[in-house]
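Here, each number is a calculation from the coordinates, and none is a lab measurement. Treat the numbers as computed from the prediction; the structure is a model and nothing was measured. Because the Cβ atoms are built from the backbone with ideal geometry, glycine has one as well, and the counts that use them run over all protein chains shown.
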Amino acid sequence: MSQRVYITGLGMISAIGNNVPESFLSLSQSRTGIGKINHLTTRYKDEFLAGEIKLSNEALADLVKDSNPALNRNSYIAMLAAKEAVMNSGIDTNDGLRTGVISSTTVAGMSKTELYYKEMFVKDDHLNVLDTHDCGDSTERIADYLGNVDYVTTISTACSSAANAIMLGCRMIKHGQLDRVVVGGVDALSKFTFNGFNTLMILDREWCKPFDENRKGLNLGEGAAFVVIEGENALNLRKGKALAEVVGYANANDAYHQTASSPEGYGATLAIQQALAMSGLKPSQIDYINMHGTGTPNNDLSESMATKAVFGDQVPKFSSTKAFTGHTLAAAASIEAVISVLSLQNNMIFPNLNFTTPIAEMNLIPETKLVNTPLTTILSNSFGFGGNCSSLLFKKAS
Amino acid sequence: MDALIEKLKGQIIEQLNLAEVKPEEINPDSPLFGEGLGLDSIDALELIVLLEKHYGIKIQDPKDGKTIFQSLRTMAEYIKAQGKS
Amino acid sequence: MTKAYISGTGCISPQNSIDGEWFFDTINPAKGDFFDALEPSYKEYIAPNLLRRMGRAIKMGVAAANLAINQAEAKKVDAIITGTGLGCFEDSERFLLAMLDNDEQFLTPTSFIQSTHNTVGSQIALIMKCHDYNFTYVHRGFSFESTLQDAMMLFEEGKDTILVGGIEEHTPNFVILNRRAGKFQNQNTAIPIWKSTTEGIQMSEGASFFVLDKIKTEKSLARVDGIQTLYKPKTSQDILMKLHAFLKLHELSLADVDVTLMGFSGDVVFDEKLKELLPIIEKESTAASFKHLCGEYHTASAFAMWVATKLIEKQKLPKTVAISDKTPSKIKHVLIINQYLGINYSFTLLSQC
């Protein structure tokens, strides 16, 4: 039953650029998108940094060329990134093949809901916010923006969401249910998420330092990224070009704590091992790991333990790119999927910014400068609240 | 000190929604975490907010909670030491 | 084609569905324009140290999952897949209002942590110590349908026993706001919802869970043959064409379907296409309704699947569920045709096993 599944188009908007070429430029110049908070309204504006998209909602509306007042920041950025991915792949959703949209988000329309929630009890002007608060909204906006979409669904598994969207898309192609799927995730920054992470006391007030002994926490970001994945049959039919192949994926649960990762990284270890097993690749055949690496004391230690458990003393080159984009929650895994494909295409490892001192008990040292090296296989990890652990394995298209 | 401990008992029960626990069941010297009340890291964050809300004490580093929240008595002593009781 | 065998169910709804003996005899009407779920005493199902943090969606979900697992006597499951349109809305709202009321100060993490949509699935994983596959779908009227589609694929991929469920909760504020937005209508008990000529639904909530097995066992209550979702079909003819194709795939025609449970919501606009299909369903099959029992919510189709399982188990179509006067001689195949807001449509086929 199993046909191979390829990535054939990339789309991304985040703090490091409004599209893939801009993102690549920032990555290859080691330029972070994290800085002073400009768009988000919060009393903590001057105390924390964030990875904001550099466009206002008005500017985003102009870019999507849709003045529908029901749209919110989540929908705008999702539509932009999904459209870019489709354009990049060259697929035509009108050609009669079965196209799906599988998206993911955690707070969905909250960035708008939080502005009007109290007002809605007394004024009628913004009651339509009720229709766009839920997670399905942005997915259906994407589907309608692309046109002729046969299947839609949405996933929410906290910070591993987009990895699961990619995984589900691959499975639906392999099971013959769809020919190609636009998969990814989106999360616009909201006051709600910002304050939520602040109560957990895992926000760094300075630039986050993934895998550093003195890391204090994460920087939140926002973004959307989608990739077009196609089964080899559909791809051959249209003589399209593959950018990379998805050769492994796995989903496991840490089942340790509602938010924290187990100290030994049990769920993460399972996810990495199972993704490897599926691909048939040995740990020694992995060229680079794009880590989850949020910069929180808990995640980075737990992920380091899992990495050691799987790779022993032969840990491949690795970095976390969260210090470029900030932690974009549901979009993180698809943003990092796009970054991984850029790495494969350009044979470049993008650096783990802000790192100076390895974690004492681990002694794992990420790549801190741009590395030009031949890359064939990349592992990408994404873990989330609720113990959700997912790993994806990409291979250079042959 | 005892009055503060009694006050804290009520505040903790309320903040952590410990509906099943009666104030007299909490021993001021028993550990709050692990055994004893069986609290966890999320509760520790809740207790940090409790200190801020009721006593105006701000804790920036969650690690500091470990020593402060060993027991009700250590918590009360900390509040006293901050001159906020 | 892979099938799924239901070996345990748990259902919390506005009706007395938590009572295993209840079979649509006494019916609770809507509270005007909405329904509240009839909640059990959760202490029987959930440990107090967990219960103290849980919002209602989590409690309903964990309790319904517990019922299903107990009935199936499942020692472990290989995957936990939940569906919810709005997730843990009570906790989201609590955190949101605290943030707005206190100008972002004195906020506590518990309601934020519990507000994430995957909380129910992850709490069940924590309680069961299940390190395996864990997914949460959050797509409107496809949230529960997606869990079934996923489970069917997982069976083909080698899993044996899977827990799926749909959960939804509302809050008093959310009811007020939706009422202000004109989304509701009072249930006119004189007119059945499938005959409604006015706009508005009765918002509701609930949790329905199912233990699914890849193979038939002596515990099997009914079989899920297939599931299909339709996004924005243009006409009722489109739906009918897709329905014929769906049934054909399972080597059936509409005449073989003994009962068709239809997702009429009482909103004349949303129900338009189902209304056009009703005479055709009536002619070939026997039409029945479920949203007059459970109200309307994103995962109402999970309640419908619970109803379908009961009908197959008891081999009887109660008058309180039926639309027509016909009495099916047997109940071998039950089809659910659901719609949500006239946008998300789905077919689910269940059979006696």
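Points worth noting:
- The protein assembly as shown shape via C-alpha gyration tensor axes, a/c threshold 1.5: oblate
- Reachable aspartates and glutamates, given that their alpha-carbon falls under 17 Å from the alpha-carbon of B:LYS22 and they are not under 8 places away in the same chain: B:ASP2, B:GLU6, B:GLU14, B:GLU35
- Pairs from A:LYS174/C:LYS232; A:LYS174/C:LYS248; C:LYS31/C:LYS232; C:LYS3/C:LYS216; A:LYS45/A:LYS112 whose Cα-Cα separation, in the structure shown, is over 20 Å: A:LYS174/C:LYS232; A:LYS174/C:LYS248; C:LYS31/C:LYS232
- Summing charges over all other residues whose Cβ lies under 10 Å from the Cβ of A:GLY11, with Lys and Arg as +1 and Asp and Glu as -1, gives 0.
- Relative contact order computed over chain B (Cα-Cα under 8 Å; 6+ residues apart), in percent: 34 percent
- Counting Cβ atoms of other protein chains within 10 Å of each residue's Cβ and taking the mean over peptide B:17-27 gives 2.
- Entries in A:LYS83/A:LYS191; A:LYS65/A:LYS396; C:LYS183/C:LYS234 that, when Cα-Cα distance is taken, lie over 31 Å: A:LYS65/A:LYS396
- The packing ranking, built from the mean of other Cβ atoms within 10 Å per residue, places the peptides A:260-270, A:11-21, C:43-53, A:43-53 in the order A:11-21, A:260-270, A:43-53, C:43-53, highest first.
- Each residue of segment C:132-149 was assigned a 3J(HN,Hα) from its phi angle through the Karplus curve 6.51 cos²θ - 1.76 cosθ + 1.60 (θ = phi - 60°); the sequence is 8, 2, 9, 9, 10, 9, 9, 9, 6, x, 10, 4, 6, 4, 4, 5, 5, 4 Hz, with glycine and proline shown as x.
- Net +/- balance of residues flanking A:ASP95 in space, Cβ distance below 13 Å, scoring K and R +1, D and E -1: 0
- Placing +1 on each Lys and Arg Cβ and -1 on each Asp and Glu Cβ, with no other charges, gives the protein assembly as shown a dipole about its Cα centre of roughly 1100 debye.
- Gyration tensor (alpha-carbon) shape descriptor, segment C:61-165, a/c threshold 1.5: prolate
- Computed [θ] at 222 nm, helices only, for the protein assembly as shown once each DSSP H run of length n ≥ 4 contributes -39500 (n - 2.57): -10500 deg cm²/dmol
- Model label sites at C:LYS232 and A:LYS36, defined 7 Å from Cα along the beta-carbon direction, differ in position by 4.2 nm.
- Charge dipole of the protein assembly as shown about the Cα centre (unit charges at C-beta), most positive-ward option of C:GLY87, C:PHE155, B:LEU18: C:PHE155
- Counting only DSSP beta bridges whose two residues both lie in chain A, roughly 65 percent are antiparallel.
- Nearest-20 debye value, chain A charge dipole, Cβ charges on Lys, Arg, Asp, Glu: 700 debye
- Candidate lysines - alpha carbon under 16 Å from B:LYS80, same-chain residues fewer than 8 apart omitted: B:LYS7, B:LYS9, B:LYS53, B:LYS58
- Rounded, prolate or oblate (a/c below 1.5 giving rounded, otherwise prolate when a/b exceeds b/c) for segment A:248-396 by Cα gyration tensor: rounded
- DSSP-defined antiparallel bridges as percent of all bridges, the protein assembly as shown, nearest 5: 65 percent
- Here chain B is treated with +1 on each Lys and Arg Cβ and -1 on each Asp and Glu Cβ, and its dipole about the Cα centre works out to around 380 debye.
- Positive-end residue of C:PRO29, C:MET305, C:TYR45, charge dipole of chain C with Cβ unit charges: C:MET305
- Antiparallel bridge percentage (DSSP; both residues within segment C:4-213; nearest 5): 55 percent
- Surrounding net charge for C:ALA79, when Lys and Arg each add one and Asp and Glu each subtract one, Cβ distance under 9 Å: -2
- Considering only A:VAL183, A:ALA50, A:SER104, and ranking their Cα positions along the charge dipole of segment A:5-237 that arises from unit charges at the beta-carbon of Lys, Arg, Asp and Glu, the one farthest toward the positive end is A:ALA50.
- A straight Cα-to-Cα reach below 15 Å connects C:LYS316 with the aspartates and glutamates C:GLU21, C:ASP25, C:ASP258, C:ASP325, residues fewer than 8 places away in its own chain not being considered.
- Rounded to the nearest Hz, the phi-derived 3J(HN,Hα) couplings of segment C:75-89 under the Karplus curve 6.51 cos²θ - 1.76 cosθ + 1.60 (θ = phi - 60°) are 6, 8, 10, 8, 6, 10, 10, 10, x, 7, x, 10, x, 8, 5, where x marks glycine and proline.
- Which listed pairs, of C:LYS275/C:LYS332; C:LYS59/C:LYS214; A:LYS118/C:LYS275, have C-alpha distances above 30 Å, in listed order: A:LYS118/C:LYS275
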